[in-house]
Amino acid sequence: MLMNSRQRLQPSLEPKAQPIQQRAADTIERILEAAAKTLSDVGVERLSTNLVCERAGLTPPALYRYFPNKYALLSELGRRLMERQNECVESWITEEVLAGRVPALEEALTGLLLETYDVTRRTEGGVWIMRALRAIPVLQEVRLSSHAAVTEAQLRLLARARPGADKAELRLAVRIVVELVYATVEMLFDESMDARSVARVVAGMMCSHLERVRPARRGRSSRRE
């Protein structure tokens with residue numbers, strides 16, 4: 001009973017209505033654009049549906065027709081940001097890169113970090129969206145689900161690129177790499193640091209461990225024996 005009571009207290013993150021007509025779709029985009037701009041101006045704590053309505057030029061009932069609360073707005077903004085960030089992973093980290101030499105992988109990881117940072121920076125309210133996805137419990141599943149999906153996709157590539165490696169160890173390594181990319185991007189927003197220098201150091205650290213989960217070469221084992 002206690003669990004059910006807590007579940008009832010969780011704010012809904014689901015949109016109330018799905019757009020059927022173009023006018024409704026345009027209204028949703030208008031609301032989300034206003035929410036992102038308001039978030040950039042006031043931050044997560046001061047964000048409210050009333051402020052979003054004022055910026056969007058809508059009445060609260062018009063907004064609530066699509067989004068029940070500010071958490072639903074943040075959830076959709078978070079989902080879209082995660083999709084943009086995940087596209088960076090797909091473009092930089094390929095099976096060929098994972099199967100290749102260390103310098104190529106390190107260069108790809110550096111590029112991934114820098115592009116993910118740039119995509120987040122160019123997204124209206126991007127840094128605040130990231131912070132909300134980590135700090136607000138009801139929104140954490142948006143981030144975790146996205147990271148889990150990226151982990152599984154990259155695990156499949158890595159397993160093909162490095163046959164014979166322990167799959168459980170590969171999954172752990174990939175999951176940590178995914179989280180490190182996200183944490184590094186957050187750090188670049190929180191501190192005044194040279195993005196390229198940070199990206200190179202982190203990429204080197206990640207490569208160092210990924211090299212350790214390669215399957216042992218038979219030739220080396222034979223020489224040791």
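The values are calculated or read from the model by the stated rules, or taken from the named source; none is laboratory data. Note that the coordinates shown come from a computational prediction; the quantities given were computed from them, not determined experimentally. Cβ atoms come from the backbone with ideal geometry, glycine included; neighbour counts cover every protein chain shown.
Whenever a residue of the stretch 87-102 is in the same structural domain as V178 (by TED's automatic domain parsing), its partners that are among the β-branched types (V, I, T) and surrounded by 15 or more Cβ atoms within 10 Å (Cβ to Cβ), lying with C-beta atoms within less than 7 angstrom and at least six residues away or across chains, give the pairs C88/T116; C88/V119; V89/V150. Of all the numbered requirements in (1) modelled with pLDDT under 95; (2) part of a helix (DSSP H, G or I); (3) not small (G, A, S), L81 misses one, and that requirement is (1).
When the criteria are applied in full, E141 fails the requirement of being in a helix (DSSP H, G or I), in the same structural domain as P163 (by TED's automatic domain parsing) and farther than 15 Å from L73 by Cα.
Here is the figure for the stretch 154-171: residues that are surrounded by 15 or more Cβ atoms within 10 Å (Cβ to Cβ) and part of a helix (DSSP H, G or I) total 8.
Within the stretch 116-146, the residues that satisfy the criterion of being out of contact with any Leu (no Cβ under 6 Å at 6 or more places or on another chain) and β-branched (V, I, T) are T116, V119, T120, V127, I136, V138.
Answer yes if at least one residue in the stretch 44-51 is more than 25 Å from R143 (Cβ to Cβ) and at pLDDT 70 or above, and no otherwise. So far as the stretch 44-51 goes, yes, one or more of its residues are more than 25 Å from R143 (Cβ to Cβ) and at pLDDT 70 or above.
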